[in-house]
There are 2 protein chains.
Amino acid sequence: MPAPRFVRFDDVRPFLLGEGVTASPLFGEGAMLNLLEFEPGATVPLHSHPHEQLGIVLRGMQALVVDGIARELGPLEGYVLPGGVEHAAYAGPEGALVLDVFCPPREDYLERWSAEG
Amino acid sequence: MPAPRFVRFDDVRPFLLGEGVTASPLFGEGAMLNLLEFEPGATVPLHSHPHEQLGIVLRGMQALVVDGIARELGPLEGYVLPGGVEHAAYAGPEGALVLDVFCPPREDYLERWSAEG
């Protein structure tokens with residue numbers, strides 16, 4: 001059986017998710033956490049992935065754009081994006097701290113995170 | 001394909017997880033979020049479940065007890081508990097706000113949450 005793990009996210013080596021967006025991941029077997037720090041106004045372009053994505057905004061504002069509609073989410077607002085749903089994101093003028101959850105874990109993130117190590 | 005969902009956790013009807021611990025869930029298909037508010041000193045007795053559990057402390061202190069060892073976790077400290085690992089939890093004197101993630105979603109929580117609706 002895999003062992004329990006405890007991490008201080010401040011100690012997790014972040015990887016660059018995109019311009020102005022850094023990600024600190026915690027990989028489980030079935031799911032993963034990804035703590036995102038958006039610089040003010042940082043954007044994530046339209047994309048999709050087969051993984052289900054859930055998340056919650058912890059600080060600042062993150063907008064999620066689905067079907068051309070932007071939903072501006074503040075602290076303690078959450079979301080479920082089924083796998084395959086195209087979406088983009090952008091942060092407000094104060095940036096944002098966001099916790100994303102992916103199920104299953106993003107293999108591409110694991111590769112990128114490991115490669116930068 | 002299921003539709004994206006957006007929620008304000010403050011608007012989610014909470015259910016009572018245990019004495020002094022309320023839970024506001026957001027159910028996905030493969031995983032779920034569960035936002036827990038611990039009153040000061042609230043405890044969750046030793047238990048286990050087959051679901052993988054990940055989480056992060058957002059405010060205050062939550063200790064997780066595994067194999068008789070208590071790990072006191074503060075804001076932005078996270079964890080992965082593989083399914084089947086016995087664990088207990090308690091909050092510090094200021095309580096705690098914690099985001100738990102379960103994979104797959106907890107059917108027992110869905111039943112309890114639906115029953116209280």
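Every number in this text was worked out from the coordinates using simple rules, so none of it is lab data. The model shown is predicted, which means the values in this text are computed figures rather than measured ones. So basically every Cβ, Gly included, is an ideal-geometry build from the backbone, and we count neighbours across all protein chains shown.
Flag not set for B:L76, criterion: aliphatic (A, V, I, L, M) and in contact (Cβ under 8 Å) with a residue 40 or more places away in the chain.
The residue of the stretch B:21-54 that is surrounded by the fewest Cβ atoms within 10 Å (Cβ to Cβ), among those that are of a type in the set (S, T, Y) and closer than 20 Å to A:L99 by Cβ, is B:T22.
If the condition is being over 17 Å from A:D10 (Cβ atoms) and within 15 Å of the chain's Cα centre (by Cα), then the stretch B:63-79 contributes B:A63, B:L64, B:V65. A:V80 meets all of the listed conditions (1) at the interface with chain B (Cβ under 8 Å from one of its Cβ atoms); (2) in contact with a Pro (Cβ under 6 Å, 6 or more places away or on another chain) but one, namely (2). Taken over the stretch B:1-32, the criterion of being more than 13 Å from chain A (Cβ to nearest Cβ) and either under 11 Å from A:G78 (Cα atoms) or among the β-branched types (V, I, T) (or both) is satisfied by B:V21, B:T22. Here B:M1 meets each of (1) farther than 26 Å from B:A63 by Cα; (2) buried (at least 17 other Cβ atoms within 10 Å of the Cβ); (3) aliphatic (A, V, I, L, M) with one exception, condition (2). Filtering the stretch A:1-26 to residues that are among the aromatic types (F, W, Y) and in contact with a helix residue (DSSP H, G or I) (Cβ under 6 Å, 6 or more places away or on another chain) leaves only A:F15. Could you tell me which of the residues A:L54, A:L35, A:L64, A:L58 is touching a helix residue (DSSP H, G or I) at 6+ places or on another chain (Cβ under 7 Å) and within 8 Å of chain B (Cβ to nearest Cβ)? Being touching a helix residue (DSSP H, G or I) at 6+ places or on another chain (Cβ under 7 Å) and within 8 Å of chain B (Cβ to nearest Cβ) holds for just one of A:L54, A:L35, A:L64, A:L58, which is A:L35. Being more than 14 Å from every other protein chain (Cβ to nearest Cβ) and of a type outside the set (G, A, S) is the filter here, so list the residues in the stretch B:85-109 that pass it. Hits for the stretch B:85-109 are B:Y90, B:P93, B:E94, B:E107, B:D108, B:Y109. Yes or no: A:H49 in contact with a Gly (Cβ under 8 Å, 6 or more places away or on another chain) and closer than 25 Å to A:E116 by Cβ? Considered against the rule, which asks whether it is in contact with a Gly (Cβ under 8 Å, 6 or more places away or on another chain) and closer than 25 Å to A:E116 by Cβ, A:H49 comes out as yes.
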